[in-house]
Amino acid sequence: MVRGNWQRRVEKNEARRDEAKQRKHRMEEKKLFKQKAQKFLTALDEYKDIAWQQVEKRWELHLWVDTLPSDQDQIQPAWEEDSDQKGSKRRNRSSSIESEGAAKFGKSKGGKGKKKHPRSKEVVDEAPAEEASITPQLSQKYFFKGQQEQRKGGKKGGGSSHMQVPKGFKSLAEVILKGAESKQYSKDVLASTASAHPDAPGDDEANTGETPMMEMLYYFSVPAADGVAGGEMPSFSEFLGGILSNKSCNIGSIVYVTFNGTLLFDRYQEGLLLSENDLRNCISMGKSATSSSQTSSNLAKSMPGSVLEYILTFLSEFEIAGMSSVCKGWNKEIGKESGNLWRHCLERRQWPVDTSTDLEHAPYRQTFLSHYGVMRDSNAIQLGISDMLIKKSSSSNEVVSRAFETSKDTPQHPNYAAGIAVWSENQVIVAYSHECTLRLFSTTEKSGSDGDKLCRELICQNIDPYRNTKKKSSTLVDLALDDSRIGCLCKIEEENVEEKSTHLLFLNRDEFLTSDVADEEEILQQIGLEKAILDFLLDYDGIDDDPMEFLSYISSGGEIEDVEVLVSPSLVACANGLFLFHASWSIPSETGVEGEARFFKKLFMFSAGAGAIVLMQSIGSSTMNEAHESYALASQVTTDEKGVSHCTFAASSAVSLSLTIGFIDANGATQTYTPIMGTIPEGYSLCQRRRRPMAMVGSTTIVADAMVENTEDESNKTYKSILSFNSYSASASSTLSSTVDLKGNLKVTDLVGFRHEHVLVLCHLHPRTGDTDIDAIDGHWFGPPAEDGLMSLVGIVYHVPSQTEIHRVVLLGDQLGIPVPLAVTVHGDTVAGSVWWKGLLMTGEDVRARQEDCTAQEPPTPTSKAKKKKKKTPKKGGKKDGFARGMSMRG
C-alpha cells in the first residue's frame, strides 16, 4: 500500500512535467503562427492601394480562426442538443440544485467529498465526468471536400450530422470550389492543404474507414465595403486587426484566408502561399493566381518528354534532381523514362556510357548516381582532412570529423592507423600502432544542437600484451575484422634481441564491447607466429617439397634455432574465424657459407577457433634465391543464396610484379592462379615500398606499381604509375589482365575498393621544376602549384569495368611538406578515413542520411538557447517537507 501511494506521487509529477512540456510547445506554436500571420498581413499591405481601388468589384475576404468569436454561440454536438431539448424541467431543476450544493459544500454527487489540504495541488472535480463539456470537432471530409456525412445509429429517422455548425458557416471547399476556373486545380489545392493539417490521417488511419475529425474552426467573412465605411483606406493590418479585436480574436488565431476563392494563407504550411506576382494579380483581380498556376500546370503536364529532356539538359545535375519533385509526371519522366537526359549528364562529365544495351533498358540514371556518389564521397574526404589540419572537428552535411589535437586521451605522434575497418553502419574501428589500442568511433548527435553530428569515441581497449613490462614493447602493424572476432598483427621488440617477433592477437567482438582487456587478460588470445609455423612444419605429413627440405635439415642434425622465420605485416579475414597471413623461412646452406641460405615462402591459414595453423598454400615459385620477401594480402568475402560464405584472396610481392589470386570454398579447399604480369619499362625501376598497393572490386583484383626513372638528377625525379586490372573467374580458372598508365608525375601509395565498381587511387603528386606539360595532366586541375621539393596527396577515382578515370581531387596540399599516411576504408555506404595521428573522418550515404533525418525533425524546444538558471540553494533551518523531517511514506 505504501508503495502504491508513492507510485501515485511519481505518476502525478510525471503528468505535471508532461503537461508543462505540452504547454510550452503550444506557446511556441502560437508564437510561430503569429509570426506567419504578421508576415502575411505585411505582404498584403504592399498592395492595399490596388485592393481599395477594386471596391466596386466587391471583393471579399474569408477567414477561418481557431478561437470562438464573441458574436457567435458555442457549438455543441447535434445529439447533445436533442437530449437537452427532450429533458424534463424537473430533472434540470434537480441537477441544478445538486450541482449548486456540491459547489457550495465541496461534495460530489455521490456523497461526502474528500477533504483537501490547503496546499494540495490536486484539482477538485467541479462536475461529474459524464457532465463534462465535449470539445466540438469538425469533419475533415466536410471542410476540405464538402462532403457532409451522417452519423451511424441513433434514434428513429436515421442519424444526424457529426457536428452542429452555426448558421452561415462555410467550409473551405465550398468557398474555393464556388466559381473556380479550374475544378481540378482547386481540388489539388484542397488536397495539399488537407495533407498539411496536423490532424490529417496517416495511411493506417485512412484504411480504418472512420471519419477523420479535426479541431473546430470558426468562419466569418469580411466584405470590401466594411473597409471604406469611414471613408478611409486603412492597411490590411489595421483593417483585419480591428475586426479580429472586435470579435475577441488575436492575429495568431488565423488558420486560413481566401480572397475571392483563392487560398492566400495557410498557417500549417509556409503561411503566404502565393508568389509576389501571383499575389499582385490576385488582388488586382486581373488574371487570377489559379488560372496562372493552372496554365503552367497544364503546360508542364502536356509538354512532350523529348522537349522536357532538352530543356533540362541546360541545368546542373543537382537542379535536375530537384526538378523530379515538381509533380508526379516529372518524377516519372526524370526518374524512370529519361534515358537521353541521364546519358547527356554522363557524356557532359566524360563518364563512361554503356552502349551495349538499348536506350530504353539502359540504367543510365543508376550509373550516373553511382559515379556521382563516389565523387561526392571523395570530395567529402578532402573536406574532412582540411578541417583536421586546422585542428577543427567538423559536422557538416557531407562529413563528420574528429581532430585529435584538440581532444584529450587521443592518439598522438608518432602513432598512425595500422588498420581501419567498418564495424557497422556509421561505426568504424581503428588500430593505432605505437600505443597498441583499438578504438571504436561512431557518429552521434551533438547535445544541445539542431541535429548536428560529431564523431565520438565509444570504446578504447589497450591490447598490448606486454604493457606491464619495460623489457618488451609492442607495435600494431595490421587489423582484420571478422563477423565474430578481431584479429591484429603485432610486432614485439625485446631488449638485447636484434630480431623482432610477430604475434597474432584475437579478441571476441562481443567481449571488446562489454569487457576490459586490462582487467580480464584471459579474453585476449595471443599466438607467437614464428613458433606456430615451426610447430606446423615439424608436424607436416604432406607431399610439399618445401616442408620436406625443412624436415630433412632437422633430421640431419640442423639446429632449429638457426631457421629464420619472418612474417609479412599483412593480415586478412576469410570468414568463419579464419585469417590468412604470409610468412617465409630460411635454412642455412649445407656448405655453411653466409649468404647462400635457401628461402621459402608460403601462405598460412590460421583458425581462431582451433588456435592453430590449419592450412599452408604455395604462391608463385617454390623457392626464393635472394632474401626474404614481404607480401601484401587482400580478401573479399561473399555469401551465396544458401548463406554459405566464400572467400577470394590475392597476394602480391612488394619487390616484384608477381601476383597470386586464390579462391577458398566453404569446405576450406583452395584454388590458386598466377596471372601473367607485365614488365618494368626500360629506363625505370620499382620504387621502394613497404607493401604493394592492392584492392579487390567484385571479381577484379587491381594492383598498382610506382616506378622512378633512372637518372642522376635527384632533385627532379620522374615517376610512372601503372594500374593492372586482373579479372578472375573461379569456374574458368583463368584471368584477364590489362594495364592503364596514370597521367601525371604520380607515385601510387594505396588503393581502396569503393563499393562494387570503383577504386580510389591514393598517390603523391611530385612537382617538376621545369615547365608543366599540359598534355601530361590531361586537363585536370590539381590546385595551386606546389613549391619545389614538396608534394600533394591526390585521390583519383577509376571505374573498374571500363577502366576509365572518373574524378580527381587534391586531398591534401603541400601544407606539411612531408608525406602524410592516409588510411581509408569503405563498406557499403559508410566511408571512413584516418589521417596519421591528426584525426578521423566519416562520410558516405549512411552518415548523410542520419544527418538529414536529425535535421528534418523539429525539436519541441525553441532554437534559441535560454540562459540556464542557477538552482537556488535552500536556506539552512528552513521548513522542510514531511519526508525530510522523518515522516514515513505511510504518512
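Placing +1 on the Cβ of every Lys and Arg and -1 on the Cβ of every Asp and Glu, with no other charges, gives the stretch 479-529 a dipole of roughly 300 debye about its Cα centre. Projecting label points 7 angstrom from Cα along Cα→Cβ for His413 and Phe318 puts them 3.7 nm apart.
Rolling a 1.4 Å probe over the protein chains gives Thr679 an accessible area of about 120 Å². The accessible area of Trp6, taken with all protein chains in place and a 1.4 Å probe, comes to roughly 110 Å².
Going by average Cβ neighbours within 10 Å, how do the peptides 268-276, 392-400 rank, with the highest at the top?
Packing proxy ranking, top to bottom: 392-400, 268-276.
How high is the FRET efficiency from Asp73 to Glu11, r the C-beta distance, R0 25 Å, rounded to 0.05? Plugging the Cβ-Cβ distance into 1/(1 + (r/R0)^6) gives 0.05. Cross-linked pairs Lys36/Lys167; Lys391/Lys717; Lys491/Lys601: Cα-Cα separations exceed 25 Å for Lys36/Lys167; Lys391/Lys717. Computed over protein heavy atoms with a 1.4 angstrom probe, the accessible surface ordering of Ile334, Ile554, largest first, is Ile554, Ile334.
Between Ala632, Pro681, His646, the Cα set farthest toward the positive side of the dipole of the stretch 605-714 (charges on each charged residue's Cβ, about the Cα centre) is that of His646.
In a shell of Cβ-Cβ distance under 10 Å around Phe441, excluding Phe441 itself, what net charge do Lys and Arg (+1) and Asp and Glu (-1) give? Please list the in-between numbers first.
Details: positive: Arg402, Arg439, Arg456; negative: Glu457.
Counting the neighbours of Phe441, the net charge comes to +2.
Filter Lys408/Lys446; Lys332/Lys453; Lys178/Lys332; Lys24/Lys453 down to the pairs with a C-alpha to C-alpha distance above 24 Å, please.
Details: Lys408/Lys446 18 Å; Lys332/Lys453 34 Å; Lys178/Lys332 33 Å; Lys24/Lys453 26 Å.
Listed pairs above 24 Å: Lys332/Lys453; Lys178/Lys332; Lys24/Lys453.
The charge dipole of the stretch 485-590, taken about its Cα centre with unit charges on the Cβ atoms of Lys, Arg (+1), Asp and Glu (-1) only, comes to about 560 debye. Annotation: for a label point projected 7 angstrom from Cα along Cα→Cβ of Asp544, residues of the stretch 646-661 with backbone N closer than 18 Å are 649-653, 659-661. Accessible surface for Val189 stands near 30 Å², nearest 10, in the context of the full protein assembly shown (1.4 Å probe).
The values are calculated or read from the model by the stated rules, or taken from the named source; none is laboratory data. Here the structure is a predicted model, which means the values were calculated and not measured. Heads up, the Cβs are rebuilt from the backbone with ideal geometry, glycines too, and the neighbour counts pull from every protein chain shown. All accessible areas refer to the heavy atoms of the entire protein, side chains included, with ligands and DNA or RNA removed. Shrake-Rupley method; radii C 1.70, N 1.55, O 1.52, S 1.80 Å.
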